[in-house]
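The values are calculated or read from the model by the stated rules, or taken from the named source; none is laboratory data. Quick caveat, the model's predicted, so the values are computed rather than measured. Cβ atoms come from the backbone with ideal geometry, glycine included; neighbour counts cover every protein chain shown. Note: areas computed on protein heavy atoms with side chains; ligands, DNA, RNA excluded. Shrake-Rupley method; radii C 1.70, N 1.55, O 1.52, S 1.80 Å.
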Amino acid sequence: MSYLEQIKKPNDIKKLSKPEVKELTREIREFLISSISETGGHLASNLGSVELTIALHLVMNFPEDKLIFDVGHQCYTHKILTGRAGEFSGLRRKNGISGFPKRSESDCDPFNTGHSSTSISAAMGYAVARDLRGGDEKIACVIGDGSLTGGMVYEAINCLAQEKTPMVIILNDNEMSIDRNVGGISKYLTSIRVGSAYNDLKNGVEATLLATRTGEKVAKTIKRSKDSIKNLFVPGSFFEELGITYIGPIDGHDIYGMVNTISSAFRLNKPIVIHVKTVKGKGFRPARKHPDYFHGVEPFDRKTGKPLQPKERKTYTDIFSRHMVTLGEKHDDLVAITAAMAKGTGLTRFCDAFPDRFFDVGIAEQHAVTFAAGLACSGIIPVVAVYSSFLQRAYDQILHDVCLQNLKVIFAVDRSGLVGADGDTHQGIYGVSYLRQMPGLTILAPKDRYELMAMMDYAAELGGPSAILYPRGGAAKCYGENPIPLEYGRNEIMYKSSLPREKSVAVYCVGHMTEEGVKLKNLLEEKGLGVTLINARFINTVDEGCVEYAAFDHAVVATLEESVSAGSYSELLGGKLLDAGYKGDFVPGTIENGIVAQATVAEQRKTLKIDAQSMYERIISHVGE
């Protein structure tokens, strides 16, 4: 029996000897590579944190002690060590285990994560609750160096320095978030990695000065000021000044070195930062060489690292990426902003073409939006490219800093709608609801790749703020034969029913749900019904003329939208139909439950009953009535 097979429940690792733990490390890496090559998932970050997680499990007791992962990309070894290795065939799949920590999945996962910079706050909450109850459990969190660019980290550290509740913060430093880290914090950590600067200065300068009588006096002065010099050169002085003990950097692949350090830290009974240096992608050459690519991967060939199934068609992100360069050539005052997601959002091409007009602000969505607002005030056209689930972190900045000032900021909102395997923390199904509340914000959703480019051109000419919502995955080539040019607030009627009202159905499609709309149209026409297919285009407003046509010429009006019901375009449209005196049936195809677990997008649509077949069955029941 392998050592991995002996890990059936939490704390089983403590039964192994040191040589056996070393062999277990190799087996876990082999298991991760083999498993993720079949299911897809976050590989590089998990390979880099195997020894770190093992060390924590050797020191802590689960589920009594609490270990919280920031973001959660690196939690796979933790899942294995708590007895879930047998469930990895269902990783990130429907009814399988999540790729992130989940409280509903195990009592060894104390906090649901998926977004950055939250772990210190959550761990502190656990620690203070322990103190209030008089408990003695150990509390630790693991946070990557990339997450340190998130402002919430400093809010938490500031409060922790005041409360001084005992807990351990593991700073997992691999010089990466998803893309390479940027900014002052990254440079600060780089200086810490050097490690010997202070001692080299101290020994070298003192030896030189003490060799002369004058120098001896200078040396004594320096000694009296050693604390000031130490603060300039000693690693971790930032944390120390706040009253939080700093240890490190230490080797994040030396298991028992970390065990000794972590054990000592818990015994000190105060807040401590342990700076651990790891290598992202360790143990798999392709992932180590290209950690950004292997951050999150589809199933791949273990020998080559290449995906098993190449992309069938260009994605919306690809189309956005290429057209951004075109826009940059046309508008020399247009700039691009990303929050540590240059590759994920497709801005690497723009960066290569216009390096002086590209800004990666790190994992700092709030700063990205207000930074864009400042640029817009000065006559620059900023394009903020960001995933929908991450943009919601900057809700106040969108409202207060951009929209209330009616500033020309373009939000390119990638991963809008359902996202598939990443699950509930990454769903872009709330974007329409929170953006539709913003005053003066023009919200657009393209039905295909050509309309995405047209909407980017349109937004670049607008006088105020705009948001373009497009999904993850392949971009449809073209829907409709003669699309009408974009005109504010106007829908596009792609196909028109030629049958009488009692046999006609109007279907409004929001963005990429047009693909389901075309399938639905075919199903309904096979049943002998006439279908008017309407491309909504503008999500913040309703085309009054189109509403009247839909209301008086169709027995049923339906919508197709990958959005939660509350605040959706469908909700807005339903109200306008009532105002127009509509007497027929309204069938909104929206998401009633706002929590959607991991599965493929097709499976999620079917489960949520917003796929073509489910909508067909609902509409037919209304026509029958």
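Values computed for the structure shown
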{"quantity": "Accessible-area value, D422, 1.4 Å probe, nucleic acids and ligands omitted, Å²", "calculated": "20"}
{"quantity": "Potential lengthening between R501 and Q437 on full extension [0.36 nm per residue; Cα-Cα distance subtracted]", "calculated": "19.6 nm"}
{"quantity": "Reciprocal mean inverse distance between Cα atoms of the stretch 467-625 - Kirkwood radius, Å", "calculated": "15.8"}
{"quantity": "Whether the stretch 363-500 is rounded, prolate or oblate, judged on the alpha carbon gyration tensor where a/c under 1.5 counts as rounded", "calculated": "oblate"}
{"quantity": "Hits among aspartates and glutamates - C-alpha to C-alpha of K527 under 12 Å, sequence gap 8 or more where chains match", "calculated": "E617"}
{"quantity": "Cβ-derived FRET efficiency at R0 22 Å, E87 paired with K289, nearest 0.05", "calculated": "0.15"}
{"quantity": "Shape of the stretch 332-374, Cα gyration tensor, a/c cut at 1.5", "calculated": "oblate"}
{"quantity": "Surface accessible to a 1.4 Å probe, H323 within the full protein complex, Å²", "calculated": "20"}
{"quantity": "Rounded to the nearest 10 Å², the accessible area of I7 at probe 1.4 Å", "calculated": "10"}
{"quantity": "Extension gain from R490 to E30, taking 0.36 nm per residue of separation minus the Cα-Cα distance", "calculated": "160.1 nm"}
{"quantity": "Potential extension, H400-R313 segment - 0.36 nm per residue separation minus Cα distance", "calculated": "27.5 nm"}
{"quantity": "Links that overshoot a 19 Å alpha carbon limit, given the list K102/K606; K102/K343; K280/K343", "calculated": "K102/K606; K102/K343"}
{"quantity": "Relative contact order of the stretch 101-180, pairs being alpha-carbon contacts under 8 Å that are 6 or more residues apart, as %", "calculated": "32"}
{"quantity": "For the stretch 263-278 and the stretch 71-111, distance of Cα centres in Å", "calculated": "25"}
{"quantity": "1.4 Å probe accessible area per residue over the stretch 243-355, in Å²", "calculated": "49"}
{"quantity": "Relative contact order (%) - criterion: Cα under 8 Å, at least six apart; region: the chain", "calculated": "11"}
{"quantity": "For the stretch 598-612, Karplus couplings with θ = phi - 60° (6.51, -1.76, 1.60), whole Hz, Gly/Pro x", "calculated": "5, 4, 6, 4, 4, 5, 5, 4, 5, 4, 7, 6, 10, 7, 4"}
{"quantity": "Shape call, the stretch 384-464: gyration tensor on alpha carbons, a/c limit 1.5", "calculated": "oblate"}
{"quantity": "Accessible carbon and sulfur surface of the chain relative to its total accessible area, %, 1.4 Å", "calculated": "51"}
{"quantity": "Accessible-area order (highest first, 1.4 angstrom probe) of the listed residues S621, S568", "calculated": "S621, S568"}
{"quantity": "Sorted peptide list for 465-478, 45-58, criterion being average Cβ within 10 angstrom, highest first", "calculated": "45-58, 465-478"}
{"quantity": "Relative contact order (%) - criterion: Cα under 8 Å, at least six apart; region: the stretch 1-140", "calculated": "26"}
{"quantity": "Å² per residue, accessible surface of the stretch 544-587 at 1.4 Å", "calculated": "36"}
{"quantity": "Mean accessible surface per residue for the stretch 1-152, computed with a 1.4 Å probe while every protein chain stays in place, in Å²", "calculated": "34"}
